[in-house]
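Here is the structure we will look at, set down as structure tokens.
The values are calculated or read from the model by the stated rules, or taken from the named source; none is laboratory data. On a predicted model such as this, the values are computed, not experimentally measured, just so you know. Every residue, glycine among them, receives a Cβ derived from its backbone with ideal geometry; neighbour counts consider all protein chains shown. Surface accessibility is based on the protein's heavy atoms, side chains included, excluding ligands, DNA and RNA. Shrake-Rupley method; radii C 1.70, N 1.55, O 1.52, S 1.80 Å.
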Amino acid sequence: MKKKSIGDNPAVVSILASIISIVVGLLLGFILLLILNPSKAGIGISAMLTTGFSSMDQFGKVLYQAAPLMLCGLSVGFAFKTGLFNIGASGQYTMGAFFALVGAIQFQLPWFVCLILAMIGGGIWGIFPGLFKAKFNVNEVITAIMFNWIAMFLVNLLLANMPTMLASAWGASNSDRTAALAKANPAAVIPKAGLNKLFGNSSWINISVFIAILVAILIWFILQKTTFGYELKACGMNKEASRYAGINANRNIVLSMIIAGALSGLGGGLYYLAGTIQYVLVKSILAMGFNGIPVALLANSNPLGTIFSSLFISFIQVGGSAMQPNFSSEATDIVIAVIIYLAAFSLLMKMVLSNLLKRTGKEDKKA
Amino acid sequence: MTVLANILSLTIVFAVPLLLVALGGMYSEHSGVINIALEGIMVIGALCASFALKGFDSAGWGSTHPQIAMLISILIAGVAGMVFSILLAFAAINLRADQTIGGTALNIFAPAFAVVVTWAVQGQGLTTIQIPTWIRITQANFGLEAGNGFLDSLIFKYFYLTTPVAIVLFIIAWILMYKTSFGLRLRACGEHPQAADSVGINVYRMRYAGVLISGFLGGVGGIAYTIAVGSGFSASVGGYGFLALAVMIFGNWKPIQILGSAAFFALFKVIAAYNSSLPFLPKFEGLKDKSSLYQMLPYIVTMIVLVFTSKKSQAPKAEGIPYDKGTR
């Protein structure tokens, strides 16, 4: 029997391709820092790459931010599997955060009910790109971009007109953000389950990262072990062939976007129910949803891979904010952008890698 | 009447970037490449032109030759956008990459790059590049007396060189698209690249042309937006690149309709910003943050229009599909 070389193993090739993307991204980021400020570039890049491990508090922050990133990554990845590009994770995330906060502050509900509300909010926002694609053949990317903006303006409009939601109704002076949960409804804060003791009294850490990992495993199970997941993937690979095989492609497109929306929405809930961050009424789209894109691409849309890629993106983001004042923390986004750019032609890169590995494998055998 | 003149004047100045960038998107999509990176291209164009204007200003040369300095800055914006768009063209055409993902990467890269560079050049935390005030074209440029009449407000309140440049580029776009063989060839590459190739058109070269022209227009649109906003460049073009995509779709990928839809979107943006001072708008008593409502409307209208028109959409048929000579 012919022995298989590691170049034939798609998982190995995918992971290698991701690692190469990360290394090239970091390298280009470092070169840019060198050009801008040669004397501080070393300090800058080492801040990006070490801060996450520098203290238990910072590591707690990495885990805390990884949870919403993981869910946005799962959302983008899940849609990818059905052949859809969910650039609307940001809007779905915003709606999820809004639903969760309304449940927590306006209706005084406990945290787990608020998280379910978050999924409903995100799911509703996922209906639009899915339905418009299936029913009217409108490109889901365009719909999703429009609905990102609609979500942002709508949430701002609604919050501005819900006086109980704002911090000013709960003893604080500012009305540009939602109330602090510790004051408004402590029962809506996601429990820390003693983790804060473990993490040197970190204010960031709570059980959200474990919820996110459980969801990642659940999504993996749905995609790999159920008929529904199989149908979704079939639609993604060849819509016409799957329709020929009796799969209702339009129904699957809508369902897939609803689930993707619910995942992003849950991410919004996890982020804002931690009690450490209040939703601020700003006029720009939240970046978290967009950062789900590199998380999904690095993981090659594999739900289990998303766990690791979200931890990595969260890690360099926490590191990036420690680069100030020498560099702006946006330097991290440059690294992320390079990673996405490389992922755009990952197919080509994987082909080259696979051939390269096979060739070296053959030479080994000769020798 | 002055209010009306002000609104029209503002609508024009905000329609200019939308028109330019949507025309850019039109070139790219007619060649067969979806250019979702327009937002990022605008940021890069605006960044380079803002630095150029700042440089002309501190050299003292700008205030003595304002319109020449402005023209050079517009060219710099266009060339910068063009160079940046090579990244998209290379990924989309040579490497046959997913165009949406490549474009998303450029959109994340550009604002981050702009912040990091302005921060490094201007010093910590100073992320806004101030635009000099001498760039505005005034009555004095034409030997006229400054006044406050209807025409004065309409024409001169927000009059910058970008407006005549946009008009010229618009006319060129119409002629190029419909009256030249270049336009015909470009459109053929977006409709049926295999057929275009079979009659000897170099599809790769035409697609490069489409993307690079859209990069040029996107860059010019970036500085046009920055000037329209008036508060300097702070690493963002406020989603106008995405809005321009909507303008292009709303305008059915055709220059004249794009002009109309750019004016429509700009009007809504202006109404959103000035709703409190406009007497003829519904007041929505008791509603707070009305500007969000008006800012949301253009997006909702676009969606409704898309739903009703998508069945007979005139989108280039081969857009978004990488061209592979082997599939001919």
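Below, the figures for the structure above:
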quantity: Residue-averaged beta-carbon neighbours from other chains (10 angstrom radius) around A:132-138; calculated: 4
quantity: Extension gain, B:Val121 back to B:Ala195 (0.36 nm per residue minus Cα-Cα distance, nm); calculated: 21.7 nm
quantity: Accessible area (Å², per residue) of the stretch B:2-327, counting only protein heavy atoms and a probe of 1.4 Å; calculated: 40 Å²
quantity: Solvent-accessible area buried by A and B, counting both chains, probe 1.4 angstrom, square angstrom; calculated: 4000 Å²
quantity: Spin-label model distance (nm) - B:Ser231 vs A:Lys233, 7 Å beyond Cα toward Cβ; calculated: 5.0 nm
quantity: Relative contact order [Cα under 8 Å, 6+ residues apart], the stretch A:66-326, whole percent; calculated: 41 percent
quantity: Two-site FRET efficiency, B:Ser277 against B:Ile167, from Cβ-Cβ distance with R₀ of 35 Å, rounded to 0.05; calculated: 0.75
quantity: Inter-chain Cβ neighbour average for residues A:331-337, partner chain, 10 Å; calculated: 6
quantity: Under 12 Å, Cβ to Cβ, from A:Ala167 - net charge with Lys/Arg +1 and Asp/Glu -1; calculated: +1
quantity: Computed label-point distance, nm, for sites A:Val280 and B:Leu176 using a 7 Å Cα→Cβ extension; calculated: 4.1 nm
quantity: Relative intensity, log₁₀ I(q)/I(0), of the protein assembly as shown from a Debye sum that treats every alpha carbon as a point, q = 0.07, 0.09, 0.10 Å⁻¹; calculated: -0.48, -0.81, -1.02
quantity: Set A:Lys350/B:Lys325; A:Lys183/B:Lys290; A:Lys81/A:Lys350; A:Lys135/B:Lys254; A:Lys233/B:Lys317; A:Lys135/A:Lys350 screened for pairs whose C-alpha atoms are more than 27 Å apart; calculated: A:Lys183/B:Lys290; A:Lys135/A:Lys350
quantity: Among B:Ile93, B:Ile76, B:Ile108: highest mean-square fluctuation, GNM of chain B, C-alpha pairs under 10 Å; calculated: B:Ile108
quantity: Per-residue [θ]222 nm for chain B (sum of -39500 (n - 2.57) over DSSP H runs n ≥ 4, rounded to 500); calculated: -22500 deg cm²/dmol
quantity: Average Cα contact separation per residue, chain B, under 8 Å, 6 or more apart, as relative contact order %; calculated: 37 percent
quantity: Förster-model FRET efficiency, 45 Å R0, B:Asp324 and B:Leu75, C-beta, rounded to 0.05; calculated: 0.80
quantity: Potential lengthening between A:Asn201 and A:Gln224 on full extension [0.36 nm per residue; Cα-Cα distance subtracted]; calculated: 4.4 nm
quantity: 0 to 90° range, to nearest 10: angle between helix B:162-179 axis and chain B longest Cα axis; calculated: 20 degrees
quantity: Helix-only CD estimate at 222 nm, as mean residue ellipticity for chain A, using -39500 (n - 2.57) per DSSP H run (n ≥ 4); calculated: -23500 deg cm²/dmol
quantity: Ordering of A:257-268, A:47-58, B:174-185 by packing [mean C-beta count within 10 Å, highest first]; calculated: A:257-268, A:47-58, B:174-185
quantity: Cα-projected label distance for B:Ser63 with A:Asn250, points at 7 Å along beta-carbon direction, nm; calculated: 6.6 nm
quantity: Mean Cβ count within 10 Å, highest first, over the residues of peptides A:246-252, B:16-22, A:178-184, A:220-226; calculated: B:16-22, A:178-184, A:246-252, A:220-226
quantity: Extent along principal axes [Cα atoms of the stretch B:2-327; Å; largest to smallest]; calculated: 63, 49, 41
quantity: Most fluctuating residue given options B:Ala244, B:Ala89, B:Ala105, as computed from a GNM of chain B linking Cα atoms under 10 Å; calculated: B:Ala105
quantity: Relative packing of A:338-346, A:280-288, B:218-226, which averages over residues the other C-beta atoms within 10 Å, highest first; calculated: B:218-226, A:338-346, A:280-288
quantity: Backbone N within the stretch A:275-300 under 19 Å of label point (7 Å from B:Phe284 Cα along the Cβ vector); calculated: A:281-285
quantity: Shielding score for B:238-251, defined as the mean number of other chain Cβ atoms within 10 Å; calculated: 2
quantity: Within the accessible area of the protein assembly as shown (1.4 Å probe), percent carbon and sulfur; calculated: 67 percent
quantity: Integer Hz, Karplus 6.51/-1.76/1.60 couplings in order for the stretch B:151-157, x for Gly and Pro; calculated: 5, 4, 5, 5, 8, 9, 4
quantity: Most mobile listed residue (A:Gly305, A:Gly60, A:Gly171) in chain A, GNM with C-alpha springs under 10 Å; calculated: A:Gly171
